[in-house]
Structure formats: C-alpha cells, structure tokens
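The values are calculated or read from the model by the stated rules, or taken from the named source; none is laboratory data. Because the structure is a prediction, the values reported are computed rather than measured. Side chains included, ligands, DNA and RNA excluded: accessible areas come from the protein's heavy atoms. Shrake-Rupley method; radii C 1.70, N 1.55, O 1.52, S 1.80 Å.
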Amino acid sequence: MTTKKSKEPQDDVLLLEKQKIKLKKPGRYKVILINDDFTPQEFVTWVLANVFRKTIEESRQIMWTAHTTGTAVCGVYPLDIARTKVEEVHRLADEAGHPLQCQLAKEEEE
Ligand code: TYC
C-alpha cells in the first residue's frame, strides 16, 4: 500500500516579488455655493432641496450661510457625483435665468 505523502503548504506557492502597493483613498469634494445679489433666496433653497436632497430647513440654513458669509458647503461627494451636482445647479440656474454659481473644492485629508 502506498501512502500518499501529504502536500506541504509551500509546495504550490509561487513566490512573487513583494510589492508595496499604496492604495490611494479616492478623494472627496465639497460643493460650495457662492452668493450673488440676484438669485432669489427661494430659488436657492429649492435647488438645495432638489439637487442635494436636503430638507427645506437645512436648505434654508445653507442658503442663509451663503447669503450672509459669501459661501456655504452644500455637501461632500466623490468627484464624479460632485461634478454632476455642480452641472445640475448651473443647468437649473441657466434655465431659470439666474446667475447662481457653485464650485468644487477638494476636501482636506486627515
Ligand atoms: N443673495 C441673494 C439674494 O439676496 C440670495 C442668494 C443666497 C443667492 C445664496 C445666492 O448662493 C446664494 N437674493
């Protein structure tokens, strides 16, 4: 009777050169609302509620922060989503004939 020698774990191991692969965390981007003198407050509030899915109360607060300080953060998102939100705000503002603007800013990493 032949006894099959049990395989040693290292028998099948192909030694690969050790590589240090540094995985970069995907960045996140703030969408920043910019104040202007012409866009109606109600329109800004409506855009915040519809594009950024904020409650009316949150939307009013963000609008008011931009109105009183010049800018306000609407939310923080992965780059493609942040870009889409900025485009959506600009499209809605253009369609309504308002100069409302927002922009992206990369979030600081810890
Ligand atoms: N300042 C505008 C007004 O008084 C309202 C406004 C608020 C516009 C925030 C833009 O990002 C903004 N009609």
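Under a 1.4 angstrom probe, counting protein chains only, how are PHE43, PHE38 ranked by accessible area, largest first? If you can, show how the numbers build up before the last one.
Working: PHE43 30, PHE38 160 Å².
Descending accessible area places them as PHE38, PHE43.
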Using a 1.4 angstrom probe on the protein heavy atoms only, could you order ILE34, ILE81 from most to least accessible area? ILE81, ILE34
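Which pairs, out of LYS30/LYS54; LYS24/LYS54; LYS20/LYS85, put more than 27 Å between their alpha-carbon atoms? Mind showing how you got there, number by number?
On the way: LYS30/LYS54 15 Å; LYS24/LYS54 30 Å; LYS20/LYS85 36 Å.
As for pairs spanning more than 27 Å Cα to Cα, those are LYS24/LYS54; LYS20/LYS85.
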